[in-house]
Amino acid sequence: MPHDIKNYIAGEFITSTCRFDDVNPVDGSLVAVVHEADRATVDKAVQAAREALDGPWGLFSAAERAALLHKIADGIEGRFDDFVSAEIADTGKPLAQARTLDIPRGAANFRFFASLVSTSGTECFEMGTTDGAGALNYSIQKPLGVVGVISPWNLPFLLLTWKLAPAMAAGNAIVAKPSEETPASAALLAEVMHDVGIPPGVFNLVNGFGPDSAGEFLTSHRGVDAITFTGESSTGSAIMRAAADNVKALSFELGGKNAAIVFDDADLDQAIDGTVRSVFSNCGQVCLCSERVYVHESIFDEFVERLKDRAEALRMGRPEDEQTEIGPLVSIAHRDKVLSYYALAREEGADIVTGGGIPSFGDERDNGAWIEPTILTGLPESARCVREEIFGPVCHVAPFASEEQAIAMANDSAYGLAGAIWTTNLSRAHRVARQIEAGIVWVNTWYLRDLRTPFGGVKLSGIGREGGIHSLAFYSEPTNICIKL
Ligand code: NAD
Ligand code: 6OD
């Protein structure tokens with residue numbers, strides 16, 4: 001019997017008459033029935049958040065907020081297996097990944113920002129004055145107020161908590177809307193928040209869709225002071241328009257069409273391992289995944305052959321199977337989108353090195369959103385498949401002749417989120433990394449994360465940076481106090 005996923009407002013779990021299905025992409029089975037928040041429900045959530053700011057939460061010290069954040073992390077760890085099961089049921093991602101990345105990172109996000117807010121200070125400037133007595137400037141950090149958190153489906157828990165934790169650490173009150181595709185881990189988090197005693201209204205959860213639903217009601221709400229959003233670039237544009245009326249603060253982590261560059265001096269085993277990870281992890285549904293792989297012409301054929309062998313060896317299977325390396329896409333609708341790019345690649349003249357279709361299992365998985373890992377070659381750089389984000393287990397591999405050409409090809413994109421460089425030449429690594437137009441560049445690795453570092457994108461890939469002090473800076477409003485001595 002599928003369970004109900006409710007909204008959580010002012011410390012209470014709220015039902016709704018309008019409901020939608022949460023579907024498992026492994027086999028199309030029903031995971032839960034989700035109560036959709038209408039405009040009045042979103043109004044209530046924003047009101048509850050505002051009242052929380054005026055209540056005890058507004059008076060909590062950073063140390064008190066940090067202590068609560070640690071309790072949330074304890075609560076997540078205490079129900080670790082429930083979170084893992086919820087994330088797997090919504091996304092179909094392998095158990096091994098949910099257990100080692102998605103859920104531990106959720107808890108780590110709370111612990112990290114708890115410790116950062118407990119230890120961070122503010123600025124102080126002494127200045128001279130004409131009377132010789134001087135003046136002292138110091139700044140204090142206030143919360144922005146009510147923060148709307150809108151999150152996507154690819155790493156649902158990791159990306160929700162990545163925004164929630166610093167926003168709460170900085171003293172804001174939250175209205176969060178998870179993706180309609182993946183509401184289950186957020187609903188569990190509401191239970192944890194409730195159980196560990198987060199004051200009512202500090203964390204509110206509303207479920208629903210984007211346009212003309214909870215997403216739009218929240219982003220256009222005049223009682224919301226800031227929106228922090230992760231998702232598609234086109235959704236970012238829509239949210240920007242909706243948020244314009246009361247000039248909300250915005251932090252956007254958007255789409256990518258990330259390049260990997262493999263030089264002829266790369267450790268090829270390492271480069272192949274890393275590229276398999278950077279193309280196919282989470283079935284290609286990580287915003288940081290490499291969808292464009294540029295390989296020096298002298299090693300191109302060998303690289304493509306070895307990448308093909310590795311793609312074909314990926315163990316596709318049920319998420320609960322410890323051996324599974326790749327699961328389905330998140331939904332049939334998303335699979336239709338990715339398949340339309342596989343068809344477009346053929347029309348555009350690509351060579352399909354491997355994949356290009358959907359697997360057949362002969363069991364209930366044929367009702368799921370499974371797709372083949374796919375490698376393309378032979379497309380011109382102007383092809384739509386090379387320019388547009390596909391967000392599936394697919395890359396296009398192209399040869400380059402010189403370092404300058406590789407950099408130019410990597411930068412010839414409307415996006416600028418992440419890049420990966422594979423080389424054993426240290427000077428080249430530094431020289432090339434700084435020329436890549438992206439917010440994050442990895443050298444001889446991929447998706448290695450230190451939570452203190454700035455995270456975000458340039459061009460269509462986002463606005464602003466989060467991570468470490470950059471998150472606390474976004475979620476806080478500094479006030480300068482100038483004392484004439
Ligand atoms: P999406 O933009 O379709 O949806 C994200 C969230 O926005 C969902 O909660 C959705 O309901 C909501 N939404 C949709 N339309 C809205 C509207 N008009 N107003 C308010 N809310 C609205 O993205 P997705 O398909 O869930 O996620 C995949 C995309 O996210 C990819 O483009 C990927 O690159 C990007 N992404 C970026 C990062 C990053 O850090 N840069 C991280 C993860 C995913
Ligand atoms: O690891 C993170 O902090 C992060 N924001 C990852 C984003 C992944 C995109 O899909």
List the residues whose amide H sits under 5 Å from the amide H of Ala398, counting only those 5 or more places along or on another chain, with H placed 1.01 Å from N in the peptide plane.
-> Val293, Tyr294, Val295
How much FRET efficiency would the formula 1/(1 + (r/R0)^6) give for Asp269 and Gln323, where r is the Cβ-Cβ distance and R0 is 35 Å, rounded to 0.05?
-> 0.95
Quick one: Karplus J couplings for segment 106-119, per residue in order, coefficients 6.51, -1.76, 1.60, θ = phi - 60°, nearest Hz, x for Gly and Pro?
-> x, 5, 4, 4, 5, 5, 4, 6, 4, 6, 5, 6, 6, 10
Which percent, to the nearest 5, of DSSP beta bridges fully inside segment 304-402 are antiparallel?
-> 40
Sorting Cys385, Ala186, Thr445 by the position of each Cα along the dipole of the chain (Lys, Arg +1; Asp, Glu -1; all at Cβ), the one nearest the positive end of that ordering is Ala186
The answer for Val443, listing residues at least 5 apart or on another chain whose modeled amide H is closer than 5 Å to its amide H, is Ile421
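Counting DSSP beta bridges in the chain, what percent are antiparallel, to the nearest 5?
Bridges in the chain that DSSP calls antiparallel: roughly 40 percent.
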Rounded to a whole %, the carbon-and-sulfur portion of the accessible area of the chain at a 1.4 Å probe is 52
List, largest first, the extents of the alpha carbons of segment 238-288 along their principal axes, each in whole Å.
-> 52, 23, 13
For segment 258-450, what's the relative contact order in percent, using C-alpha pairs closer than 8 Å and at least 6 residues apart?
-> 30
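Scan segment 389-435 for trypsin sites (Lys or Arg not before Pro) in coil per DSSP, keeping those whose Cβ has at most 16 other Cβ atoms within 10 Å, and list them by number. Present the calculation step by step, with values, prior to reporting the outcome.
On the way: sites: Arg428, Arg431, Arg434; in loops: Arg434.
Filter output for segment 389-435: Arg434.
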Residues whose placed amide H lies under 5 Å from that of Arg19, excluding near-sequence neighbours | Glu36
Could you calculate the contour length gain from Leu30 to Asp43, that is, 0.36 nm times the residue separation minus the distance between their Cα atoms, to one decimal place in nm?
-> 1.8 nm
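Under 8 Å for C-alpha pairs, at least 6 residues apart: give me the relative contact order for the chain, rounded to a whole percent. All intermediate terms of the calculation are to be shown ahead of the outcome.
Details: 1083 pairs, mean separation 92.2, N = 485.
Over the chain, the number comes to 19 percent.
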Where GluC sites (Glu not before Pro) fall in DSSP loop in segment 236-334, at most 16 other Cβ within 10 Å | Glu297, Glu320, Glu322
For segment 263-275, Karplus couplings with θ = phi - 60° (6.51, -1.76, 1.60), whole Hz, Gly/Pro x | 7, 6, 9, 5, 6, 5, 4, 5, 5, 5, 3, x, 6
Work out the length of the dipole vector of segment 1-72 about its Cα centre, built from +1 on the beta-carbon of each Lys and Arg and -1 on the beta-carbon of each Asp and Glu, and round it to the nearest 20 debye.
-> 240
Per-residue ³J(HN,Hα) for segment 6-16, Karplus 6.51 cos²θ - 1.76 cosθ + 1.60, θ = phi - 60°, Hz, x for Gly and Pro | 9, 7, 10, 9, 6, x, 10, 8, 10, 8, 8
Hydrodynamic radius by Kirkwood for segment 19-68, inverse mean 1/r across distinct Cα pairs, in Å, is 14.1
Estimated dipole of the chain in Debye, rounded to 20 [Cβ of Lys and Arg +1, of Asp and Glu -1, Cα centre] = 1320
Averaging sequence separations of C-alpha pairs under 8 Å and six or more residues apart, then dividing by the length of segment 265-333, give the relative contact order as a whole percent.
-> 30
Over the residues of the chain, compute the C-alpha Rg and express it relative to 2.2 N^0.38 Å.
-> 1.01
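With a ≥ b ≥ c taken as the square roots of the eigenvalues of the C-alpha gyration tensor of segment 258-450, please select rounded if a/c is under 1.5 and otherwise prolate if a/b is larger than b/c or oblate if it is not?
Verdict is prolate for segment 258-450.
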Calculate how steeply helix 300-313 sits against the longest principal axis of the alpha-carbon atoms of the chain, using the helix alpha-carbon long axis, and give the answer as 0 to 90 degrees to the nearest 10.
-> 70
For a label point 7 Å along the Cα-to-beta-carbon line of Thr129, residues of segment 445-485 with backbone N under 19 Å | 480-485
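The values are calculated or read from the model by the stated rules, or taken from the named source; none is laboratory data. These numbers come from a predicted model, not from an experiment. Here the Cβ is made from the backbone with ideal geometry for all residues, glycine too, and neighbour counts use every protein chain on show. To get the accessible areas, we keep the full protein, side chains included, count just its heavy atoms, and leave off ligands, DNA and RNA. Shrake-Rupley method; radii C 1.70, N 1.55, O 1.52, S 1.80 Å.
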